[in-house]
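S.K.: One structure is given below, represented as structure tokens, and several questions about it will come after.
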Amino acid sequence: GEDVEQSLFLSVREGDSSVINCTYTDSSSTYLYWYKQEPGAGLQLLTYIFSNMDMKQDQRLTVLLNKKDKHLSLRIADTQTGDSAIYFCAEVGAGKSTFGDGTTLTVKP
Amino acid sequence: DAMVIQNPRYQVTQFGKPVTLSCSQTLNHNVMYWYQQKSSQAPKLLFHYYDKDFNNEADTPDNFQSRRPNTSFCFLDIRSPGLGDAAMYLCATSAGTSQNEQFFGPGTRLTVL
């Protein structure tokens with residue numbers, strides 16, 4: 001079945017760049033998503049990328065996709081304390097999303 | 001403007017006492033999903049409705065049921081909550097099942113005493 005894996009924790013200093021990595025197994029995935037979840041809240045869609053793209057940039061966010069290796073990354077430039085949250089990678093196919101376990105990003109002042 | 005609304009945000013129930021969580025949407029999306037998310041884990045899909053068609057995940061316990069009386073509303077019924085059912089329950093909607101973005105509600109945190 002589908003599987004999505006992420007590293008569980010990342011800690012960076014304010015102003016540095018953060019890179020959150022994700023690997024997936026379903027090669028038929030057409031869309032790959034990044035969600036942000038703050039404590040006690042639902043999931044907020046940050047960005048997504050089509051599988052025929054290598055890169056997508058949206059303000060401070062850059063998504064890189066290596067389809068051959070099934071590797072997805074999210075780069076947050078100039079990370080702020082407000083970026084502290086859990087970040088979920090998800091692949092969507094066949095009527096449902098498969099989520100990774102989330103990466104907890106801690107931003108230190 | 002809230003698009004996917006979940007009520008209540010926090011629900012406390014007793015072991016074995018039936019509980020219903022509700023979700024409503026203003027997006028007129030035809031698909032509605034219920035996810036269970038336990039602490040520090042990925043959201044786990046329980047079931048979804050495509051219009052009135054109910055689609056249950058194979059490993060969703062029978063203890064969990066759902067109703068969708070109309071396009072806007074969807075309910076999650078837990079017939080006999082156990083301590084292991086304490087979790088965040090997330091409702092989501094999408095305009096279709098084919099790779100479309102899911103819009104999530106804020107979730108309902110269920111505590112079982």
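S.K.: Which members of region A:99-109 meet the condition of being away from every other protein chain (no Cβ under 14 Å) and surrounded by 17 or more Cβ atoms within 10 Å (Cβ to Cβ)?
M.R.: A:107, the sole residue that qualifies.
S.K.: Next question. Identify the residue in region B:61-98 that is surrounded by fewer than 20 Cβ atoms within 10 Å (Cβ to Cβ) and within 12 Å of chain A (Cβ to nearest Cβ) and, among all such residues, is farthest from the chain's Cα centre (by Cα).
M.R.: Among residues in region B:61-98 that are surrounded by fewer than 20 Cβ atoms within 10 Å (Cβ to Cβ) and within 12 Å of chain A (Cβ to nearest Cβ), the one farthest from the chain's Cα centre (by Cα) is B:98.
S.K.: If you go through region B:21-52 one residue at a time, how many are away from chain A (no Cβ under 11 Å), over 18 Å from residue B:108 (Cβ atoms) and assigned to a strand (DSSP E or B)?
M.R.: Summing the residues that are away from chain A (no Cβ under 11 Å), over 18 Å from residue B:108 (Cβ atoms) and assigned to a strand (DSSP E or B) in region B:21-52 gives 0.
S.K.: Kindly provide the set of residues from region A:4-56 that are of a type in the set (A, V, I, L, M, F, W, C), surrounded by 13 or more Cβ atoms within 10 Å (Cβ to Cβ), free of Cβ contacts under 8 Å to residues at least 24 places away in the same chain and closer than 16 Å to residue A:90 by Cβ, ordered by number.
M.R.: Within region A:4-56, A:45, A:49 meet the criteria.
S.K.: What is the number of the single condition among (1) modelled with pLDDT of 90 or more; (2) under 29 Å from residue A:48 (Cβ atoms) that residue B:58 does not meet?
M.R.: Among (1) modelled with pLDDT of 90 or more; (2) under 29 Å from residue A:48 (Cβ atoms), residue B:58 violates only (1).
S.K.: Residue check: is residue A:41 closer than 27 Å to residue B:109 by Cβ, within 12 Å of another protein chain (Cβ to nearest Cβ), at pLDDT below 90 and more than 10 Å from the chain's Cα centre (by Cα)?
M.R.: Values: closer than 27 Å to residue B:109 by Cβ: yes; within 12 Å of another protein chain (Cβ to nearest Cβ): yes; at pLDDT below 90: yes; more than 10 Å from the chain's Cα centre (by Cα): yes.
So residue A:41 passes the test.
S.K.: For region A:58-98: of the residues being touching an Asp or Glu at 6+ places or on another chain (Cβ under 9 Å), basic (Lys, Arg) and away from chain B (no Cβ under 14 Å), which is farthest from residue A:21 (Cα to Cα)?
M.R.: For region A:58-98, the residue satisfying everything is A:60.
S.K.: Okay, next question. Based on this model, can you work out whether residue B:70 counts as out of contact with any Leu (no Cβ under 8 Å at 6 or more places or on another chain), farther than 22 Å from residue A:40 by Cα and in contact (Cβ under 8 Å) with a residue 12 or more places away in the chain?
M.R.: Working: out of contact with any Leu (no Cβ under 8 Å at 6 or more places or on another chain): yes; farther than 22 Å from residue A:40 by Cα: yes; in contact (Cβ under 8 Å) with a residue 12 or more places away in the chain: no.
Spelling it out, it is not the case that residue B:70 is out of contact with any Leu (no Cβ under 8 Å at 6 or more places or on another chain), farther than 22 Å from residue A:40 by Cα and in contact (Cβ under 8 Å) with a residue 12 or more places away in the chain.
S.K.: What strands (runs of 3 or more DSSP E) completely inside region A:1-85 contain at least 2 residues that are within 23 Å of residue B:89 (Cα to Cα)?
M.R.: Working: elements: A:4-6, A:9-13, A:18-24, A:31-37, A:43-50, A:55-58, A:61-66, A:71-76.
Fully inside region A:1-85 and qualifying: A:4-6, A:31-37, A:43-50.
The values are calculated or read from the model by the stated rules, or taken from the named source; none is laboratory data. Only a predicted model underlies this, so the values are computations on that prediction, with no experimental measurement involved. We place every Cβ from the backbone using ideal geometry, glycine too, and count neighbours over all the protein chains shown.
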